[in-house]
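For reference, the structure is listed below as C-alpha coordinates.
The values are calculated or read from the model by the stated rules, or taken from the named source; none is laboratory data. All figures in this text were calculated on a predicted structure; none of them were measured in a lab. Here the Cβ is made from the backbone with ideal geometry for all residues, glycine too, and neighbour counts use every protein chain on show. Only protein heavy atoms, including side chains, enter the accessible area calculation; ligands, DNA and RNA are left aside. Shrake-Rupley method; radii C 1.70, N 1.55, O 1.52, S 1.80 Å.
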Amino acid sequence: MADRKVVIIGSGPAGLTAALYAARANLSPLLIEGLEAGGQLMLTTMVENWPGYRDGIMGPDLMAEMRAQAERFGTEVIQGNVKSVDLQMRPFTLSFGDGRTAVTTESLIIATGASARWLEIGSDRKLSGHGVSTCATCDGYFFRGKPIAVIGGGDSAVEEAVYLTKFASKVTVVHRRDTLRASKIMQDKAFANPKIEFIWDSEVAEVKDLAKGEVTGIVLRNLKTGHLSEVPLDGVFIAIGHTPNTTLFKGQVDLDGNGYIVTHHGTRTNIPGVFAAGDVQDHIYRQAITAAGSGCMAALDAERYLEHLPEIDESTDSAACATLVP
Ligand code: NAP
(Lines give C-alpha, C1' and ligand atoms only; values in the text may rest on other atoms or scores of the structure.)
Protein backbone atom coordinates (compact mmCIF):
# COMPACT_ATOMS: atom_id res chain seq x y z
CA MET A 1 0.00 0.00 0.00
CA ALA A 2 1.29 3.45 -0.85
CA ASP A 3 1.34 6.17 1.81
CA ARG A 4 -0.42 8.53 -0.57
CA LYS A 5 -2.62 8.54 -3.62
CA VAL A 6 -1.16 11.80 -4.94
CA VAL A 7 2.04 13.64 -4.13
CA ILE A 8 2.82 16.98 -5.73
CA ILE A 9 6.35 18.35 -5.81
CA GLY A 10 6.43 22.12 -6.18
CA SER A 11 4.46 24.98 -4.69
CA GLY A 12 4.10 27.52 -7.47
CA PRO A 13 0.79 28.16 -9.26
CA ALA A 14 0.93 24.75 -10.99
CA GLY A 15 1.57 22.73 -7.83
CA LEU A 16 -0.92 24.61 -5.68
CA THR A 17 -3.66 24.42 -8.29
CA ALA A 18 -3.03 20.69 -8.71
CA ALA A 19 -3.27 20.39 -4.92
CA LEU A 20 -6.53 22.34 -4.80
CA TYR A 21 -8.17 20.11 -7.40
CA ALA A 22 -6.76 16.88 -5.95
CA ALA A 23 -7.91 17.88 -2.47
CA ARG A 24 -11.41 18.66 -3.70
CA ALA A 25 -11.45 15.23 -5.35
CA ASN A 26 -10.89 13.73 -1.88
CA LEU A 27 -7.43 12.49 -2.78
CA SER A 28 -5.80 14.02 0.35
CA PRO A 29 -2.74 15.22 -1.54
CA LEU A 30 0.65 15.80 -0.03
CA LEU A 31 2.42 18.83 -1.44
CA ILE A 32 6.16 19.09 -0.95
CA GLU A 33 7.49 22.61 -1.19
CA GLY A 34 11.18 23.13 -1.71
CA LEU A 35 13.59 25.92 -0.90
CA GLU A 36 12.06 28.32 -3.43
CA ALA A 37 8.55 27.88 -1.98
CA GLY A 38 5.89 29.69 -3.96
CA GLY A 39 7.91 29.70 -7.17
CA GLN A 40 8.78 32.63 -9.37
CA LEU A 41 5.86 34.79 -8.24
CA MET A 42 7.60 35.17 -4.90
CA LEU A 43 10.20 37.21 -6.78
CA THR A 44 7.65 39.55 -8.31
CA THR A 45 5.99 42.60 -6.82
CA MET A 46 2.60 43.53 -8.29
CA VAL A 47 0.90 40.92 -10.49
CA GLU A 48 -1.55 42.67 -12.78
CA ASN A 49 -2.37 39.88 -15.22
CA TRP A 50 -3.93 37.36 -12.84
CA PRO A 51 -7.64 37.38 -13.71
CA GLY A 52 -9.97 38.49 -10.96
CA TYR A 53 -7.78 41.18 -9.39
CA ARG A 54 -8.58 44.36 -11.25
CA ASP A 55 -6.08 46.38 -9.18
CA GLY A 56 -3.46 43.64 -9.18
CA ILE A 57 -2.15 41.58 -6.29
CA MET A 58 1.34 41.24 -4.87
CA GLY A 59 3.03 38.01 -6.03
CA PRO A 60 3.73 36.69 -2.50
CA ASP A 61 0.16 37.53 -1.42
CA LEU A 62 -1.28 35.63 -4.37
CA MET A 63 0.81 32.59 -3.50
CA ALA A 64 -0.20 32.77 0.18
CA GLU A 65 -3.87 32.84 -0.89
CA MET A 66 -3.42 29.89 -3.24
CA ARG A 67 -1.67 27.90 -0.56
CA ALA A 68 -4.35 28.65 2.05
CA GLN A 69 -7.05 27.66 -0.44
CA ALA A 70 -5.32 24.33 -1.18
CA GLU A 71 -4.94 23.67 2.57
CA ARG A 72 -8.55 24.56 3.29
CA PHE A 73 -9.66 21.55 1.26
CA GLY A 74 -7.25 19.15 2.92
CA THR A 75 -3.87 19.47 1.20
CA GLU A 76 -1.03 18.64 3.54
CA VAL A 77 1.94 20.88 2.83
CA ILE A 78 5.39 19.92 4.03
CA GLN A 79 8.74 21.53 3.46
CA GLY A 80 11.65 19.51 2.23
CA ASN A 81 13.97 18.98 -0.62
CA VAL A 82 13.31 15.70 -2.35
CA LYS A 83 16.79 14.27 -2.93
CA SER A 84 15.89 11.24 -5.06
CA VAL A 85 12.90 9.57 -6.67
CA ASP A 86 12.31 5.98 -7.74
CA LEU A 87 9.73 5.99 -10.51
CA GLN A 88 10.63 2.55 -11.84
CA MET A 89 8.83 0.61 -9.09
CA ARG A 90 5.26 1.08 -7.87
CA PRO A 91 4.33 2.69 -5.68
CA PHE A 92 6.75 5.52 -6.49
CA THR A 93 9.20 6.42 -3.73
CA LEU A 94 10.42 9.91 -2.84
CA SER A 95 13.39 10.19 -0.49
CA PHE A 96 14.54 13.28 1.36
CA GLY A 97 18.06 12.29 2.32
CA ASP A 98 17.79 14.14 5.64
CA GLY A 99 16.82 11.20 7.86
CA ARG A 100 13.11 11.56 7.19
CA THR A 101 11.14 8.50 6.17
CA ALA A 102 10.64 8.19 2.42
CA VAL A 103 7.14 8.79 1.04
CA THR A 104 5.46 6.34 -1.31
CA THR A 105 2.70 7.35 -3.68
CA GLU A 106 0.45 5.90 -6.36
CA SER A 107 0.70 9.00 -8.53
CA LEU A 108 3.05 11.94 -8.75
CA ILE A 109 2.58 15.44 -10.10
CA ILE A 110 5.84 17.20 -10.92
CA ALA A 111 5.49 20.97 -10.68
CA THR A 112 9.04 21.97 -9.86
CA GLY A 113 9.07 24.91 -12.28
CA ALA A 114 11.95 26.55 -14.03
CA SER A 115 14.29 29.09 -12.61
CA ALA A 116 15.18 32.22 -14.54
CA ARG A 117 18.89 32.56 -14.92
CA TRP A 118 20.52 35.56 -13.30
CA LEU A 119 23.69 37.37 -14.21
CA GLU A 120 25.19 36.39 -10.85
CA ILE A 121 26.80 39.78 -10.31
CA GLY A 122 25.06 40.37 -6.98
CA SER A 123 23.39 43.71 -7.72
CA ASP A 124 20.99 42.12 -10.24
CA ARG A 125 19.38 39.80 -7.70
CA LYS A 126 19.43 42.41 -4.94
CA LEU A 127 17.45 44.85 -7.08
CA SER A 128 14.98 42.18 -8.22
CA GLY A 129 11.48 43.64 -7.91
CA HIS A 130 13.00 47.14 -7.63
CA GLY A 131 13.71 47.74 -11.30
CA VAL A 132 15.28 44.40 -12.22
CA SER A 133 12.93 41.77 -13.61
CA THR A 134 13.12 38.43 -15.37
CA CYS A 135 9.58 38.68 -16.80
CA ALA A 136 8.63 41.32 -19.37
CA THR A 137 4.99 40.23 -19.53
CA CYS A 138 4.70 40.60 -15.76
CA ASP A 139 6.55 43.86 -15.25
CA GLY A 140 6.76 45.76 -18.56
CA TYR A 141 3.76 47.91 -17.68
CA PHE A 142 5.67 49.53 -14.81
CA PHE A 143 8.12 51.14 -17.22
CA ARG A 144 5.80 53.31 -19.26
CA GLY A 145 7.76 56.17 -20.84
CA LYS A 146 11.04 55.07 -19.25
CA PRO A 147 14.36 53.89 -20.71
CA ILE A 148 15.19 50.26 -19.98
CA ALA A 149 17.65 47.52 -20.97
CA VAL A 150 17.17 43.90 -21.94
CA ILE A 151 20.11 41.58 -21.36
CA GLY A 152 20.59 38.59 -23.69
CA GLY A 153 20.63 37.75 -27.38
CA GLY A 154 18.25 34.80 -27.70
CA ASP A 155 14.60 34.65 -28.78
CA SER A 156 13.40 35.57 -25.29
CA ALA A 157 15.56 38.70 -25.12
CA VAL A 158 14.60 39.89 -28.58
CA GLU A 159 10.92 39.06 -28.15
CA GLU A 160 10.86 40.82 -24.80
CA ALA A 161 12.68 43.84 -26.23
CA VAL A 162 10.06 44.18 -28.98
CA TYR A 163 7.24 43.69 -26.47
CA LEU A 164 8.70 46.24 -24.07
CA THR A 165 8.76 48.97 -26.73
CA LYS A 166 5.00 49.15 -26.14
CA PHE A 167 5.78 50.73 -22.78
CA ALA A 168 9.35 51.97 -22.60
CA SER A 169 10.66 55.17 -24.20
CA LYS A 170 13.76 53.27 -25.33
CA VAL A 171 14.98 49.67 -25.08
CA THR A 172 18.70 48.94 -25.11
CA VAL A 173 19.54 45.31 -25.82
CA VAL A 174 22.89 44.34 -24.30
CA HIS A 175 24.44 41.19 -25.77
CA ARG A 176 27.77 39.58 -24.98
CA ARG A 177 28.57 38.82 -28.62
CA ASP A 178 28.14 40.73 -31.88
CA THR A 179 25.55 38.39 -33.39
CA LEU A 180 22.19 37.41 -31.98
CA ARG A 181 21.19 33.85 -31.21
CA ALA A 182 17.54 34.76 -31.85
CA SER A 183 15.72 33.53 -34.95
CA LYS A 184 16.09 35.61 -38.10
CA ILE A 185 12.47 36.74 -38.10
CA MET A 186 12.75 38.02 -34.52
CA GLN A 187 16.00 39.76 -35.34
CA ASP A 188 14.43 41.52 -38.35
CA LYS A 189 11.59 42.75 -36.16
CA ALA A 190 13.97 44.12 -33.57
CA PHE A 191 16.32 45.77 -36.08
CA ALA A 192 13.33 47.48 -37.71
CA ASN A 193 12.05 48.88 -34.43
CA PRO A 194 13.23 52.48 -33.97
CA LYS A 195 12.89 52.26 -30.18
CA ILE A 196 15.44 49.43 -29.93
CA GLU A 197 19.18 50.03 -29.76
CA PHE A 198 21.86 47.33 -29.48
CA ILE A 199 25.06 47.35 -27.49
CA TRP A 200 27.30 44.48 -28.63
CA ASP A 201 30.17 42.54 -27.08
CA SER A 202 29.26 43.75 -23.64
CA GLU A 203 28.35 42.36 -20.27
CA VAL A 204 26.73 44.02 -17.28
CA ALA A 205 29.37 44.64 -14.63
CA GLU A 206 26.95 46.26 -12.18
CA VAL A 207 23.34 47.35 -11.84
CA LYS A 208 23.10 50.67 -10.05
CA ASP A 209 22.05 51.84 -7.46
CA LEU A 210 22.04 49.46 -4.55
CA ALA A 211 22.30 52.29 -2.02
CA LYS A 212 19.13 53.90 -3.37
CA GLY A 213 17.34 50.55 -3.63
CA GLU A 214 16.27 51.24 -7.22
CA VAL A 215 17.67 50.99 -10.71
CA THR A 216 19.34 54.15 -12.00
CA GLY A 217 21.66 52.64 -14.60
CA ILE A 218 23.98 49.83 -15.63
CA VAL A 219 27.74 49.70 -15.85
CA LEU A 220 28.81 47.82 -18.98
CA ARG A 221 32.11 46.16 -19.70
CA ASN A 222 33.11 45.85 -23.35
CA LEU A 223 34.43 42.31 -23.63
CA LYS A 224 36.81 43.17 -26.49
CA THR A 225 38.37 46.31 -25.03
CA GLY A 226 37.63 45.98 -21.30
CA HIS A 227 36.28 49.55 -21.43
CA LEU A 228 33.68 50.39 -18.77
CA SER A 229 30.76 52.71 -19.51
CA GLU A 230 27.58 53.67 -17.72
CA VAL A 231 24.10 53.77 -19.27
CA PRO A 232 21.45 55.61 -17.26
CA LEU A 233 18.05 53.85 -17.26
CA ASP A 234 15.16 52.86 -15.01
CA GLY A 235 14.73 49.14 -15.57
CA VAL A 236 16.67 46.01 -16.48
CA PHE A 237 15.09 42.85 -17.90
CA ILE A 238 17.31 39.81 -17.74
CA ALA A 239 16.45 37.32 -20.49
CA ILE A 240 19.38 34.92 -20.58
CA GLY A 241 17.28 31.77 -20.41
CA HIS A 242 15.58 29.53 -17.88
CA THR A 243 16.70 26.31 -16.32
CA PRO A 244 13.95 23.74 -15.75
CA ASN A 245 14.22 22.12 -12.35
CA THR A 246 14.43 18.55 -13.56
CA THR A 247 17.77 17.25 -12.29
CA LEU A 248 15.89 14.95 -9.91
CA PHE A 249 14.10 13.19 -12.76
CA LYS A 250 16.96 12.75 -15.25
CA GLY A 251 17.17 9.20 -16.54
CA GLN A 252 13.63 8.34 -15.42
CA VAL A 253 11.27 10.84 -17.01
CA ASP A 254 11.69 11.81 -20.68
CA LEU A 255 13.21 15.29 -21.05
CA ASP A 256 13.60 17.36 -24.21
CA GLY A 257 16.90 18.74 -25.46
CA ASN A 258 16.64 21.73 -23.12
CA GLY A 259 15.86 19.61 -20.06
CA TYR A 260 12.10 20.26 -19.95
CA ILE A 261 9.78 17.33 -19.17
CA VAL A 262 8.04 15.99 -22.26
CA THR A 263 4.28 15.70 -21.78
CA HIS A 264 1.64 14.22 -24.06
CA HIS A 265 -2.16 13.87 -23.99
CA GLY A 266 -2.46 16.65 -21.44
CA THR A 267 0.03 16.32 -18.62
CA ARG A 268 1.09 12.67 -18.96
CA THR A 269 4.78 11.84 -18.98
CA ASN A 270 6.37 8.65 -20.32
CA ILE A 271 5.72 7.01 -16.95
CA PRO A 272 2.06 6.13 -16.32
CA GLY A 273 0.98 7.77 -13.07
CA VAL A 274 3.57 10.55 -13.30
CA PHE A 275 2.27 13.89 -14.53
CA ALA A 276 3.98 17.24 -15.08
CA ALA A 277 2.52 20.73 -14.91
CA GLY A 278 3.69 24.32 -15.19
CA ASP A 279 7.02 25.70 -16.31
CA VAL A 280 8.86 22.41 -15.79
CA GLN A 281 7.19 21.24 -19.01
CA ASP A 282 6.46 24.57 -20.73
CA HIS A 283 9.15 26.81 -22.17
CA ILE A 284 6.72 28.68 -24.40
CA TYR A 285 3.97 30.35 -22.38
CA ARG A 286 5.56 30.43 -18.90
CA GLN A 287 2.74 32.41 -17.30
CA ALA A 288 1.31 31.93 -13.81
CA ILE A 289 -2.16 31.47 -15.27
CA THR A 290 -1.06 28.84 -17.81
CA ALA A 291 0.90 27.04 -15.08
CA ALA A 292 -2.20 27.04 -12.87
CA GLY A 293 -4.29 25.73 -15.78
CA SER A 294 -1.91 22.84 -16.38
CA GLY A 295 -1.87 22.13 -12.62
CA CYS A 296 -5.63 21.68 -12.80
CA MET A 297 -5.19 19.37 -15.80
CA ALA A 298 -2.57 17.30 -13.97
CA ALA A 299 -4.89 16.77 -10.99
CA LEU A 300 -7.73 15.70 -13.28
CA ASP A 301 -5.38 13.39 -15.20
CA ALA A 302 -4.12 11.88 -11.93
CA GLU A 303 -7.67 11.43 -10.65
CA ARG A 304 -8.67 9.58 -13.83
CA TYR A 305 -5.53 7.47 -13.68
CA LEU A 306 -6.26 6.49 -10.07
CA GLU A 307 -9.88 5.63 -10.90
CA HIS A 308 -8.62 3.03 -13.38
CA LEU A 309 -5.90 1.70 -11.12
CA PRO A 310 -6.69 -1.68 -9.59
CA GLU A 311 -5.24 -2.61 -6.22
CA ILE A 312 -1.54 -3.01 -6.95
CA ASP A 313 0.72 -5.43 -5.21
CA GLU A 314 3.95 -3.66 -4.18
CA SER A 315 6.00 -6.21 -6.06
CA THR A 316 4.22 -5.40 -9.32
CA ASP A 317 6.71 -3.92 -11.74
CA SER A 318 6.23 -0.80 -13.79
CA ALA A 319 6.17 -2.62 -17.10
CA ALA A 320 3.14 -4.61 -15.98
CA CYS A 321 1.45 -1.47 -14.67
CA ALA A 322 1.97 0.40 -17.89
CA THR A 323 -0.68 -1.76 -19.51
CA LEU A 324 -3.25 -0.61 -16.95
CA VAL A 325 -3.18 3.01 -17.98
CA PRO A 326 -6.35 4.36 -19.56
P1 NAP B 1 18.61 31.01 -25.13
O2 NAP B 1 18.21 30.72 -26.52
O3 NAP B 1 19.45 30.03 -24.40
O4 NAP B 1 19.41 32.41 -25.17
C5 NAP B 1 20.02 32.91 -24.04
C6 NAP B 1 20.78 34.18 -24.43
O7 NAP B 1 21.33 34.74 -23.26
C8 NAP B 1 21.91 33.92 -25.42
O9 NAP B 1 21.99 34.96 -26.35
C10 NAP B 1 23.15 33.91 -24.52
O11 NAP B 1 24.30 34.41 -25.13
C12 NAP B 1 22.75 34.87 -23.42
N13 NAP B 1 23.37 34.52 -22.15
C14 NAP B 1 23.37 33.33 -21.52
N15 NAP B 1 24.01 33.41 -20.34
C16 NAP B 1 24.45 34.70 -20.25
C17 NAP B 1 25.15 35.41 -19.26
N18 NAP B 1 25.57 34.84 -18.13
N19 NAP B 1 25.40 36.73 -19.47
C20 NAP B 1 24.98 37.32 -20.62
N21 NAP B 1 24.30 36.70 -21.58
C22 NAP B 1 24.03 35.41 -21.40
O23 NAP B 1 17.36 31.29 -24.16
P24 NAP B 1 15.94 31.92 -24.52
O25 NAP B 1 16.11 33.12 -25.36
O26 NAP B 1 15.23 32.05 -23.21
O27 NAP B 1 15.23 30.78 -25.36
C28 NAP B 1 15.06 29.46 -24.84
C29 NAP B 1 14.36 28.59 -25.88
O30 NAP B 1 13.02 29.05 -26.05
C31 NAP B 1 15.02 28.69 -27.25
O32 NAP B 1 14.91 27.46 -27.87
C33 NAP B 1 14.19 29.72 -27.97
O34 NAP B 1 14.22 29.58 -29.38
C35 NAP B 1 12.81 29.43 -27.40
N36 NAP B 1 11.98 30.64 -27.45
C37 NAP B 1 11.20 30.79 -28.55
C38 NAP B 1 10.41 31.91 -28.64
C39 NAP B 1 9.55 32.05 -29.86
O40 NAP B 1 9.68 31.25 -30.77
N41 NAP B 1 8.68 33.03 -29.92
C42 NAP B 1 10.44 32.91 -27.67
C43 NAP B 1 11.26 32.73 -26.58
C44 NAP B 1 12.05 31.59 -26.49
P45 NAP B 1 25.03 33.62 -26.34
O46 NAP B 1 24.17 33.82 -27.54
O47 NAP B 1 26.37 34.27 -26.44
O48 NAP B 1 25.10 32.19 -25.88
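For this structure, a couple of remarks:
- When the pairs Lys83/Lys126; Lys146/Lys189; Lys189/Lys250; Lys126/Lys146 are compared against a 31 Å limit on Cα-Cα distance, Lys189/Lys250 fall above it.
- Whether the chain is rounded, prolate or oblate, judged on the alpha carbon gyration tensor where a/c under 1.5 counts as rounded: prolate
- Protein accessible area in segment 48-97, 1.4 Å probe - carbon and sulfur %: 46
- Met42 contributes about 80 Å² of solvent-accessible surface, heavy atoms of the protein only, 1.4 Å probe.
- For Val47, the amide hydrogen comes within under 5 Å of the amide hydrogens of Ile57, Met58, Gly59, counting only partners 5 or more places away or on other chains and with H modelled in the peptide plane.
- In the complete set of protein chains, residue-level accessible area for Glu76 is approximately 80 Å², probe 1.4 angstrom.
- Karplus-based coupling profile of segment 60-75, in residue order and whole Hz: x, 5, 4, 5, 5, 5, 5, 5, 4, 5, 5, 5, 4, 9, x, 6, with θ = phi - 60° in 6.51 cos²θ - 1.76 cosθ + 1.60 and x standing for Gly or Pro.
- Average accessible surface for the chain: 48 Å² per residue, computed with a 1.4 Å probe over protein heavy atoms with every protein chain in place.
- From helices alone, the chain scores -7000 deg cm²/dmol at 222 nm; the rule is -39500 (n - 2.57) for each run of n ≥ 4 DSSP H residues, then divide by the residue total.
- Thr216, Thr267, ranked by accessible area, largest first (probe 1.4 Å): Thr216, Thr267
- Ranking of Leu248, Leu164 by solvent-accessible surface, largest first: Leu248, Leu164 (1.4 Å probe, protein heavy atoms only, all chains present).
- Principal-axis tilt of helix 155-164 within the chain, Cα atoms, nearest 10 degrees: 60
- Carbon/sulfur fraction of accessible area - segment 123-238, other protein chains in place, 1.4 Å, %: 51
- Selected from Ser107, Ser128, Ser183 as most flexible by GNM, with the chain as the system and alpha-carbon contacts under 10 Å: Ser183
- Axis of helix 13-24 versus longest Cα principal axis of the chain: the two differ by about 30°, to the nearest ten degrees.
- If you run the Gaussian network model on the chain, springs between alpha carbon atoms under 10 Å, then out of Glu33, Glu120, Glu106 the most flexible one is Glu120.
- For Leu233, residues with placed amide H under 5 Å, excluding near neighbours: Gly217, Ile218
- Amide H contacts for Val132 (H built 1.01 Å from N in the peptide plane; partners 5 or more residues away or on another chain; cut-off under 5 Å): Val236.
- Sparsely packed loop sites in segment 242-288 (the chymotrypsin sites (Phe, Trp or Tyr not before Pro) outside DSSP H, G, I, E and B with at most 16 other Cβ atoms within 10 Å) comprise Tyr285.
- In Å, descending, principal axis extents of the Cα set of segment 123-238: 40, 35, 21
- Computed about the Cα centre, the dipole magnitude for the chain is approximately 840 debye when only Lys and Arg (+1) and Asp and Glu (-1) carry charge, each at its Cβ.
- Relative to the dominant Cα principal axis of the chain, helix 288-307 is inclined by about 10°.
- Formal net charge of residues neighbouring Gly56 (Cβ-Cβ distance under 13 Å; K, R +1; D, E -1): -3
- Percent of beta bridges antiparallel (DSSP, the chain, rounded to nearest 5): 45
- Taking all protein chains as they are arranged and a probe of 1.4 Å, the heavy atoms of Arg117 leave approximately 110 Å² accessible to solvent.
- Choice from Arg100, Arg72, Arg177 showing the highest fluctuation, given a GNM over the chain with Cα pairs closer than 10 Å: Arg100
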